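Taken together, the values in this text are just the output of simple stated rules run on the coordinates, not laboratory data. Here the structure is a predicted model, which means the values were calculated and not measured. Counting neighbours? That spans all protein chains shown, and the Cβs are built from the backbone with ideal geometry, glycine included.
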Amino acid sequence: MSGEDNQQFKRNIAYKYRIGDLLLGKPIFDQERFSFLELGDKRIVRVNVIGNIIERYDSEGEKKYSFLKLDDGSGQISLKLFGDDVQKFAGIAQGQTVVVIGVLRNFNNETYISPEIIKEKDPKYLLIRKLELEKQRSQTAPPIEKEQVKALKDQLLEKIKASEEDGGIDTEKLILELRETSPEIINQEIKKMLEEGIIFEPKPGKVRYLG
């Protein structure tokens with residue numbers, strides 16, 4: 001990477017996102033070269049994510065590279081290390097909870113992260129980040145009208161009913177699929193339907209239709 005490119009990446013904000021959100025983004029290319037990830041009104045080049053390392057693969061040949069898999073409960077994304085970075089992050093192992101700051105890349109239809117920083121964190125930071133982003137979403141979400149609440153309830157019920165063969169659906173998945181509505185409002189509606197006996201929780205974080 002040239003010095004000019006490096007400066008350009010440093011100027012880009014490292015956006016905080018959950019991995020599931022990043023996977024919904026649209027990769028944008030400029031003359032076949034990945035340019036940025038389009039997510040809503042944002043053009044994302046650099047990210048700041050927290051997750052658990054669930055896999056690590058190190059090459060055995062002369063060409064040094066390492067592939068790691070990061071999972072934060074909402075999805076999984078690869079971290080790819082080449083050259084000197086392999087040694088730089090040699091201490092990062094499966095089972096660790098880490099914060100990753102890096103540049104997004106896309107190759108063979110896979111969006112992955114080229115890390116600049118990987119730092120081990122206490123596992124509690126996974127929940128802290130999740131709550132931080134949910135709060136951020138709810139603060140920026142516009143007020144919701146009664147008609148919208150009714151439409152949201154119908155959408156939720158439709159998705160919950162459609163998941164019967166799978167034994168229900170995770171509330172996390174509902175939030176990701178209805179991303180235009182804040183998680184706080186979706187959770188409120190789910191709570192109301194639980195109280196009304198329309199749906200039930202076969203296990204925490206998963207709901208089924210009580211038909």
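Structural remarks
- In the set (i) 117, 36, 25; (ii) 61, 33, 30; (iii) 51, 40, 38, the label that goes with Cα extents along the principal axes in Å computed for this structure is (ii).
- Relative to the longest principal axis of the Cα atoms of the chain, helix 146-162 runs at roughly 80 degrees.
- Seen through its C-alpha gyration tensor, with square-root eigenvalues sorted a ≥ b ≥ c, segment 32-141 comes out oblate because a/c lies at 1.5 or above while a/b is not bigger than b/c.
- Charge tally around K192: other residues with Cβ under 14 Å, Lys/Arg +1 each, Asp/Glu -1 each, net -2.
- Paramagnetic label reach from E195 (point 7 Å along Cα→Cβ; backbone nitrogen cut-off under 17 Å): within segment 150-173, residues 150, 153.
- Measuring against 21 Å, Cα to Cα, the residue pairs K173/K203; K16/K135; K124/K159; K26/K161; K26/K206 contain K124/K159; K26/K161; K26/K206 as the ones spanning a longer distance.
- Working ranking of peptides 115-122, 55-62 by packing, defined as the average number of other Cβ atoms within 10 Å per residue, highest first, is 115-122, 55-62.
- DSSP-defined beta bridges in the chain - what % are antiparallel, rounded to 5: 90
- Residue ranges 182-194, 41-53 sort as 41-53, 182-194 when ordered by packing (mean number of other C-beta atoms within 10 Å per residue, highest first).
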